[in-house]
Amino acid sequence: EDSAWRVVSVFCRSVMSEKLAKMGEMAVGLNKGHKVTKNPQKPRQARRKGRLNKKVKFVRDIIREVSGFAPYEKRAMELLKVGRDKRALKFIKKRLGNHTRSKRKRDDLSSAIQQMRKAQTQ
């Protein structure tokens, strides 16, 4: 008797799960809820904020060429030339106030030094 009830309950569960699968809407689990098609949306303008394009790069290069480096940048470049990278980072961080920005600035200044050296050799 007991095993017969088990067979019936397993059969009922399988029938119910088949019905739910045919409906395509699960009541529980990761994929629960009414099935809908996603509405495609174009990417937001804010997503590309800060991305560098040709025109902005050109303008920044001209400004850098005309105005040169700020006094704190010159001092940091001197530290980099001597080989005091960590000291330069600390100095720039003190001026800019942000560790990530200071690392980026240090990399920019070191690449500027390399470009200057390359220009002198040519």
In segment 42-61, anything hydrophobic (A, V, I, L, M, F, W, C) and surrounded by fewer than 10 Cβ atoms within 10 Å (Cβ to Cβ) is listed as Ala46, Leu52
Considering only helices (runs of 4 or more DSSP H) fully contained in segment 1-84, which possess at least 3 residues that are modelled with pLDDT of 90 or more and under 30 Å from Asp108 (Cβ atoms)? 54-67, 71-82
Are there any pairs with C-beta distances below 9 angstrom linking a residue in segment 86-99 that is within 19 Å of Phe69 (Cα to Cα) to a residue that is of a type in the set (Gly, Ala, Ser) and surrounded by fewer than 13 Cβ atoms within 10 Å (Cβ to Cβ), with the two at least 6 apart or on different chains, and if so which? Arg95/Ala70
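The values are calculated or read from the model by the stated rules, or taken from the named source; none is laboratory data. All values reported here derive from a predicted model rather than from experimental measurement. Cβ: placed from backbone, ideal geometry, glycine included. Neighbour counts: every protein chain shown.
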